[in-house]
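Here the structure comes first, spelled out in structure tokens, and everything after it is commentary.
The values are calculated or read from the model by the stated rules, or taken from the named source; none is laboratory data. Computed from a predicted structure; not experimentally measured. Note that each Cβ is placed from the backbone with ideal geometry, even for glycine, and that neighbours are counted across all protein chains shown. The area values use the complete protein model at the heavy-atom level, side chains included, leaving out ligands, DNA and RNA. Shrake-Rupley method; radii C 1.70, N 1.55, O 1.52, S 1.80 Å.
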Amino acid sequence: MLKNFLGLFLMTFLICIFILLMQFVWMHVKDLVGKGVEIGVLMEFFVYAVVSVVPLALPLAILLASLMTFGNLGEKFELTAMKSAGISLFRIMLPLITAVSMICVGAFFFSNYVLPVSQVKLWTLIFSLRKKSPELEIPAGEFYDGIDGYNIYVRQKDTKTGLLKDLMIYDLTNGFQNATVMVADSGRIYFSDDNKYLLLKLYDGESFENLKQQQTFSSGNIKERVPYRREMFKQKQLLIDFDSEFSRYDENILHDQHVSKDVIELVHSIDSVNTIAHGRSREQSKEIVERRYFSRERNANLQLPALTKQELRPYDIDSLYNTLTDGKKEEAYSNALTKARTMSDQVQYNGLMLDEYQRYIRKHAIELHRKFTLAFACLIFFFIGAPLGAIIRKGGLGAPVVISVVMFIIYYIIDNSGYKMAREGLWPVWAGMWLSSAVLLPIGIFLTYKAATDSALLNPEVWLKQMDRIKRRVSALWHRFCKRKSGKKISNQI
């Protein structure tokens with residue numbers, strides 16, 4: 001059992017890794033293509049990407065491997081032979097339960113120690129690749145905008161000598177209103193020794209520069225403008241900032257992010273920020289209550305004691321308001337409205353300040369729960385795949401792949417929905433992150449019970465027989481109804 005399962009698990013795990021890796025690379029293809037990075041950097045990117053897709057590939061591989069293992073046993077009647085010898089399904093599953101439990105423990109340690117390190121390195125590398133300038137490859141016959149602030153058009157290129165012919169350059173570094181247009185018969189491009197600057201040599205050309213509006217006033221107060229400046233040159237050099245070297249970001253930029261922490265660090269960060277948030281909330285509520293209600297800010301400025309509830313109780317606000325004149329009423333109404341708006345703005349500002357702490361706490365709490373839900377999902381998928389394979393009795397890569405993909409899509413949709421609910425604060429974090437497990441666990445228990453009791457839940461022959469029986473009953477009822485209706489027509493005619 002272990003030999004069959006582990007062999008299928010290794011094969012399906014590698015297939016899932018490959019599929020998910022292609023999907024991940026496709027998402028970041030714009031950060032890789034046209035940058036001219038070394039093979040070593042690309043290999044490093046792929047290694048970190050493989051590690052990052054393991055949390056998704058592992059449950060899917062366990063589901064597919066367990067489904068194929070028990071499907072092959074059922075298809076070859078080996079499962080029936082073992083059950084007829086008095087071996088229960090749980091006894092047959094025991095070696096695999098032990099193996100999957102060890103995989104779940106390994107998945108937790110992987111997500112707790114290996115995944116944070118790889119995530120930091122991966123995203124640092126992605127940020128570095130996004131910062132790198134694209135590889136300089138000016139095409140012929142079209143505009144090239146790979147250099148910031150410049151658009152270059154080359155009509156023809158000599159690949160042997162590197163000479164560019166019939167150039168047109170738009171220099172937009174000073175803004176569109178102050179653009180400089182240069183045309184040249186030919187030119188060459190060089191890199192500086194440190195590969196941080198681009199030297200562009202132009203031959204036999206001219207340039208047109210839009211100048212800022214220079215205003216001179218005549219006696220008639222009429223503005224005179226200089227529209228552009230024209231320059232003819234035999235040779236002209238342009239020095240352009242263009243850092244073609246690949247420089248890495250410092251990994252410390254992610255040291256306080258949730259993806260870079262293990263369980264202990266996540267719990268410590270949540271407790272620390274929670275304490276800060278509660279302290280800030282108490283300060284805000286105390287400031288609002290003590291200084292805003294019932295003109296207490298005036299009492300605080302005048303060093304007067306605040307009014308107590310017993311002192312406020314005899315006053316009737318409506319009666320006091322009715323004793324005022326119309327002008328005083330309008331003034332009182334205006335003051336009250338201004339204070340209410342000020343209070344509303346203050347409450348909104350306090351909410352925004354506290355929301356930043358809450359988002360920080362939610363992100364760390366989500367990452368904390370994710371380390372446990374990954375291991376638990378592997379166990380749930382085994383108890384779905386193994387009994388399902390024993391019920392359908394289909395091996396190979398046909399039906400098991402279809403069923404596994406459908407189950408995994410359901411899991412992914414539920415898990416992603418719960419994650420978004422937890423991230424936006426609509427649900428508690430624990431409810432959102434454990435939603436998929438809460439939905440799939442009863443399904444696993446139900447399928448295990450049906451497989452242990454030899455239920456023909458998904459046997460197509462049983463369903464065909466049931467459909468045929470229902471069809472015969474419906475046909476008999478229809479004939480009886482038609483016969484009764486025809487009898488009524490004859491009686492009415494008589």
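Summary of computed values
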quantity: Condition check for I15: open to solvent by 50 Å² or more (accessible area, probe 1.4 Å), within 31 Å of the chain's Cα centre (by Cα) and closer than 27 Å to T373 by Cβ; calculated: yes
quantity: A336 vs. criteria in a helix (DSSP H, G or I) and more than 33 Å from the chain's Cα centre (by Cα); calculated: yes
quantity: Residue satisfying condition, being under 30 Å from N72 (Cβ atoms), modelled with pLDDT of 85 or more and part of a helix (DSSP H, G or I), within set P387, P400; calculated: P387
quantity: Test: L96 is touching a residue at least 12 places away in the same chain (Cβ under 8 Å), of a type in the set (A, V, I, L, M), more than 30 Å from Y249 (Cβ to Cβ) and touching a Cys at 6+ places or on another chain (Cβ under 9 Å); calculated: no
quantity: Lone unmet requirement of (1) open to solvent by 50 Å² or more (accessible area, probe 1.4 Å); (2) at pLDDT below 80; (3) part of a helix (DSSP H, G or I) for P314; calculated: (3)
quantity: Filter result for the condition that a residue is among the charged types (D, E, K, R), modelled with pLDDT of 75 or more, part of a helix (DSSP H, G or I) and open to solvent by less than 90 Å² (accessible area, probe 1.4 Å), over E231, E265, E283, E297; calculated: E265
quantity: Residue in region 429-436 that is open to solvent by 10 Å² or more (accessible area, probe 1.4 Å) and either over 29 Å from S272 (Cβ atoms) or not in a helix (DSSP H, G or I) (or both) present; calculated: yes
quantity: Residue in region 51-58 that is at pLDDT below 90, farther than 29 Å from L21 by Cβ, of a type outside the set (G, A, S) and assigned to a helix (DSSP H, G or I) present; calculated: no
quantity: F110, sole failed condition from (1) loosely packed, with under 14 Cβ neighbours inside 10 Å; (2) modelled with pLDDT of 90 or more; calculated: (1)
quantity: Residues of region 400-427 classified as within 22 Å of F13 (Cα to Cα) and open to solvent by 40 Å² or more (accessible area, probe 1.4 Å), total; calculated: 10
quantity: Tally, over region 28-47, of residues that are open to solvent by 40 Å² or more (accessible area, probe 1.4 Å), part of a helix (DSSP H, G or I) and closer than 17 Å to T124 by Cβ; calculated: 6
quantity: Test: residue in region 379-387 that is in contact with a Pro (Cβ under 6 Å, 6 or more places away or on another chain) and crowded, with 21+ Cβ neighbours inside 10 Å; calculated: yes
